[in-house]
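Read the structure below first, then the notes.
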Amino acid sequence: MDFPGHKSMKLAENSERPFPENAKFVCDATWEWRKELALKGKGDVQLKLRLVEWTVDQVKATPCLCDVFGAKWSELEYFSLLLQPFFISLAINVSDVDVTLGSLAQRQLIDTNLIDTINKALDMAHPFVIAGRYLEHGLVMDGLNIALGTQVFIPMDIMTTDNVIRFGARKCPGQYQGLAIMSGLFQKHILTHAKFQPAVNHRHSGRDILDVIKMVKRQWKSFCIKDM
């Protein structure tokens, strides 16, 4: 992402600042967003707002980051640049991959190559159950003819990591951070340790088929798509 002042940002300067001990609510708040995304209920609004305020405060306490947008960081369009891809989506998606890796470890299916293991987990249960795109201009290619104004849903589980799929400008910038975290965290001695039980207390999964069906129906209705 290109924005004013990005070349002067030195985020490494803040790496020595420890994560606040009183910030456990950050993780709790991500569960509230997960609850809504998985259609399991209404999230705690106050807890979510607390995370938003905390995020803005952290930005203000980090001069090299705060200077990029200044006072605008308090606006939805700006704090979401950090909150959505680097906190909410990251926490949800990495924890989903955790659970799959735990299942692989229990069946002794951990590969020698760590990246192969992570890709295997992504292929088995991709954290994005369904991706959706609105084709304003339709799509005609390789014998495929999709009408203008069609909402397309992509079931990610039918794809594998060796497929090529592009999401353009809306591609999540947090994916690289997520892969870096998983590459560093999921070492074989951790994955095979008896205490590695990521499925314990893992809440609000949206992966079961009934939730997927409800999600598609809700998306379909929200875009008011008529039979063609």
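The values are calculated or read from the model by the stated rules, or taken from the named source; none is laboratory data. Predicted model only: the values in this text are computed from it and were never measured. Heads up, the Cβs are rebuilt from the backbone with ideal geometry, glycines too, and the neighbour counts pull from every protein chain shown.
Among the residues of the range 75-93, which ones are under 15 Å from Leu185 (Cα atoms) and at pLDDT 85 or above?
Applying the first criterion (under 15 Å from Leu185 (Cα atoms)) to the range 75-93 yields 90-91, 93.
Scanning the range 75-93 gives no hits.
Between a residue in the range 111-136 that is more than 19 Å from Ile154 (Cβ to Cβ) and any residue that is at pLDDT 85 or above and surrounded by fewer than 14 Cβ atoms within 10 Å (Cβ to Cβ), which pairs come within a Cβ distance under 6 Å, given they are 6 or more apart or on different chains?
Thr117/Asp111
Among the residues of the range 26-53, what is the count of those that are touching a Gly at 6+ places or on another chain (Cβ under 9 Å), touching a residue at least 12 places away in the same chain (Cβ under 8 Å) and not aromatic (Phe, Trp, Tyr)?
Residues meeting the conditions: 8.
Residues are listed down the side, and each one gets a yes or a no for (1) modelled with pLDDT of 90 or more; (2) surrounded by 17 or more Cβ atoms within 10 Å (Cβ to Cβ):
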| site | (1), (2) |
| --- | --- |
| Arg34 | no, yes |
| Leu39 | no, no |
| Val45 | yes, no |
| Leu49 | yes, no |
| Val56 | yes, yes |
| Pro63 | yes, no |
| Val68 | yes, yes |
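From (1) within 27 Å of Ala131 (Cα to Cα); (2) within 20 Å of the chain's Cα centre (by Cα); (3) of a type outside the set (Gly, Ala, Ser), pick out the condition that doesn't hold for Trp54.
The failed condition is (1).
Among (1) at pLDDT 85 or above; (2) in a loop (DSSP other than H, G, I, E, B), where does Asp162 come up short?
Asp162 satisfies all of (1) at pLDDT 85 or above; (2) in a loop (DSSP other than H, G, I, E, B) except (1).
Could you tell me how many of the residues in the range 118-156 are outside any helix (DSSP H, G or I) and of a type in the set (Asp, Glu)?
2
Within 15 Å of the chain's Cα centre (by Cα), closer than 30 Å to Asp123 by Cα and surrounded by fewer than 19 Cβ atoms within 10 Å (Cβ to Cβ): is that true of Ser80 in this structure?
Yes: the conditions hold for Ser80.
Examine the range 125-135 for a residue that is β-branched (Val, Ile, Thr) and modelled with pLDDT of 80 or more, and state whether such a residue exists.
Looking for residues that are β-branched (Val, Ile, Thr) and modelled with pLDDT of 80 or more, one finds none in the range 125-135, hence no.
If you check Thr117, Thr112, which single one turns out to be touching an Asp or Glu at 6+ places or on another chain (Cβ under 6 Å), modelled with pLDDT of 85 or more and either under 30 Å from Gln197 (Cβ atoms) or not small (Gly, Ala, Ser) (or both)?
Testing whether each residue is touching an Asp or Glu at 6+ places or on another chain (Cβ under 6 Å), modelled with pLDDT of 85 or more and either under 30 Å from Gln197 (Cβ atoms) or not small (Gly, Ala, Ser) (or both) leaves just Thr117.
Counting only residues that are in contact with a Ser or Thr (Cβ under 9 Å, 6 or more places away or on another chain) and either closer than 25 Å to Leu37 by Cβ or buried (at least 18 other Cβ atoms within 10 Å of the Cβ) (or both), how many does the range 113-125 have? So that I can check it myself, show each step before the final result.
Initial filter on the range 113-125 (in contact with a Ser or Thr (Cβ under 9 Å, 6 or more places away or on another chain)): 114-115, 118-125.
With either closer than 25 Å to Leu37 by Cβ or buried (at least 18 other Cβ atoms within 10 Å of the Cβ) (or both) added as a condition, the list becomes 118-125.
Result for the range 113-125: 8.
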